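Rule-based calculations on the coordinates, nothing more; no lab input. All values reported here derive from a predicted model rather than from experimental measurement. Using ideal geometry, Cβ is built from the backbone for each residue, glycine included, and neighbour counts are taken over all protein chains shown.
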Amino acid sequence: MRPPPVTAPVRVRRAEVSDLDDLVALEESSFAHDRLSRAQYRRHLDSDSAQVLIATANHRRFLGTAVVFFRRGTQVARLYSIATKPEAQGKGVGSALVEAAEDLARSRRCNALRLEVRTDNAVAIRLYERLGYTRIGSYPGYYADGADAIRFEKRLA
Ligand SMILES: CC(C)(COP(=O)(O)OP(=O)(O)OC[C@H]1O[C@@H](n2cnc3c(N)ncnc32)[C@H](O)[C@@H]1OP(=O)(O)O)[C@@H](O)C(=O)NCCC(=O)NCCS
């Protein structure tokens, strides 16, 4: 049966242990390489240097996730991963997750958010550019399958 359409506003909250099944399933359906494992997600839930965000709507239905990393000694946060369930794509879930990651980075006194994206991921690149990210570098062979990456950055006010 098809899930009901996303009709309610998208909300973003911190992930909990009870989200692990959804997180791992989405990771496996979204990425062929460089995946986060269940154990890695579990560690990130308890880590001070990572935060896993969950987007929901319509009675807490799981729609997507983003993972943000923080490192000591730098005010640059990193959007390590972002994914929206296929049936919820194109409805603002990814935008809400990026904006929540920016708010989180600001709350941790970061002045920039960076991310890498595959050069062939046109949807993601358009999303980041629309939200004010600019290209700051290119990395040939960055991913496990040899694909190239572009690094984007947004300065946070
Ligand atoms: C990249 C990704 C997270 C974007 O999530 P999203 O929830 O679709 O994001 P949004 O709805 O906020 O915006 C996506 C843009 O693509 C368009 N779009 C995305 N999927 C679409 C679809 N199925 N049909 C029509 N338009 C679509 C949206 O209209 C929007 O366009 P705009 O930027 O010109 O306004 C999502 O496509 C995804 O999970 N991709 C697979 C994993 C991935 O590649 N992650 C990024 C790694 S860097």
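For the chain, the relative contact order comes to 19 percent (Cα pairs under 8 Å, sequence separation of at least 6). Helix 20-30 and the longest principal axis of the Cα set of the chain meet at an angle near 60°.
Please give the contour-minus-distance gain from Gln89 to Arg13: 0.36 nm per residue of separation, less the Cα-Cα distance, rounded to one decimal in nm.
Extending this stretch completely gives an extra 25.5 nm.
If R0 equals 30 Å, the separation of the Cβ atoms of Asn58 and Arg35 corresponds to a calculated FRET efficiency of about 0.65. Taking a sphere under 13 Å around the Cβ of Arg130 and counting the other residues whose Cβ falls inside, with K and R at +1 and D and E at -1, yields a net charge of 0. Computed from point charges on the beta carbon alone (+1 for Lys and Arg, -1 for Asp and Glu), the dipole magnitude for the stretch 11-115 about its Cα centre is near 360 Debye. Evaluated over the Cα positions of the chain, the convex hull gives a direction-averaged projected area, one quarter of its surface, of 9.5 nm². Placing +1 on each Lys and Arg Cβ and -1 on each Asp and Glu Cβ, with no other charges, gives the stretch 92-157 a dipole about its Cα centre of roughly 320 debye. Estimated at 0.36 nm per residue, the fully extended path between Arg71 and Ala112 surpasses their Cα-Cα distance by 13.5 nm.
Of Val17, Val67, Val52, which is the most mobile in a GNM of the chain whose springs link Cα atoms less than 10 angstrom apart? Among Val17, Val67, Val52, the largest GNM mean-square fluctuation belongs to Val17.
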